[in-house]
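For reference, the structure is listed below as structure tokens.
Coordinate-derived values only; no laboratory data. Since the model is a prediction, treat every value here as computed from it, not as a measurement. Cβ sites come from the backbone with ideal geometry, for glycine too, and all protein chains shown count toward neighbours.
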Amino acid sequence: MVQLSTSVYLLGGLLGLLLSPVRMAPTPASMCTPLKTLNDSLSHRRRYMKHNFPIAYTIKVHQEEVFKLSNINRMRLQVEGLDELVLQRLWFQVNQGVLKKIIQVMPERHPSRPYATELERRFRDVEGVFVQSHPAELFQQELPETIQEIWDNLTEESDRVPESSWRLASPKSLLDNFCHTMHCLFSECFASTEAQQDYCAVSHWRKGRKKPSHPES
Ligand SMILES: *[C@@H]1O[C@H](CO)[C@@H](O)[C@H](O)[C@H]1NC(C)=O
Ligand SMILES: *[C@@H]1O[C@H](CO)[C@@H](O)[C@H](O)[C@H]1NC(C)=O
């Protein structure tokens with residue numbers, strides 16, 4: 001009995017080794033320049049994504065597009081050994097949709113349109129470097145089940161998404177999430193020389209706020 005379970009265990013371990021994903025440094029250094037350029041654009045998000053929109057303006061997004069630090073932290077707890085690269089791929093998938101939806105609601109002459117299209121261009125630049133700096137097989141790798149379900153929902157055709165799965169979110173709050181999760185998932189590019197910062201901690205982003213209890217953004 002002991003022998004059997006040991007060999008099953010060994011076999012499992014061996015299979016696990018064979019099937020284990022290609023692991024690499026999560027963020028190639030080449031991504032840091034375009035990420036910082038994107039970060040520069042994001043620093044103007046309040047001006048362009050809040051002030052030029054009606055008060056309490058929201059857009060309809062997939063519930064999975066409300067992608068916050070807490071979602072990342074939850075996924076890390078739920079999926080054992082979750083590869084950072086999987087989260088990074090998901091981040092690109094989510095935010096591609098977010099940017100598209102923000103741009104879609106803006107008329108051609110909207111004062112924030114040039115900002116939003118530039119943001120999207122810079123996002124594409126980062127994505128281009130991301131794709132180039134990893135082997136193609138990596139993008140064919142099967143995703144953990146939980147992540148695959150999120151992915152499937154994100155890519156579901158709009159008319160097949162049940163009404164209860166849509167969320168209303170302000171453009172500014174979507175870009176806040178975009179920015180915070182970027183710092184968390186690509187922290188090597190944003191690491192400061194001072195005390196170690198945990199960009200994935202929700203509290204890190206709260207402490208800078210003037211009115212933490214205000215239900216703003
Ligand atoms: C990212 O942008 C913020 C402003 O939103 C700035 O304080 C920070 O220094 C930038 N980080 C890098 C690494 O460029
Ligand atoms: C995917 O969408 C379905 C239907 O809207 C929902 O019930 C389910 O919870 C979603 N799954 C995930 C992982 O978000």
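Assess whether Arg46 counts as being surrounded by fewer than 20 Cβ atoms within 10 Å (Cβ to Cβ), in contact (Cβ under 8 Å) with a residue 12 or more places away in the chain and either in contact with a helix residue (DSSP H, G or I) (Cβ under 9 Å, 6 or more places away or on another chain) or of a type outside the set (Val, Ile, Thr) (or both). Can you show your working first?
On the way: surrounded by fewer than 20 Cβ atoms within 10 Å (Cβ to Cβ): yes; in contact (Cβ under 8 Å) with a residue 12 or more places away in the chain: yes; either in contact with a helix residue (DSSP H, G or I) (Cβ under 9 Å, 6 or more places away or on another chain) or of a type outside the set (Val, Ile, Thr) (or both): yes.
So Arg46 fits the description; yes.
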Q) If you check Val131, Val98, which single one turns out to be surrounded by 12 or more Cβ atoms within 10 Å (Cβ to Cβ), without any contact (Cβ under 8 Å) to a residue 12 or more places away in the chain, more than 16 Å from ligand 1 (Cβ to nearest atom) and outside any loop (DSSP other than H, G, I, E, B)? A) Val131
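Among the residues of the range 134-169, which ones are among the hydroxyl-bearing types (Ser, Thr, Tyr) and either free of Cβ contacts under 8 Å to residues at least 40 places away in the same chain or within 15 Å of Asn95 (Cα to Cα) (or both)?
Initially, the range 134-169 is screened for residues among the hydroxyl-bearing types (Ser, Thr, Tyr), giving 146, 155, 158, 164-165.
Thr155, Ser158, Ser164 - these are the residues of the range 134-169 that are among the hydroxyl-bearing types (Ser, Thr, Tyr) and either free of Cβ contacts under 8 Å to residues at least 40 places away in the same chain or within 15 Å of Asn95 (Cα to Cα) (or both).
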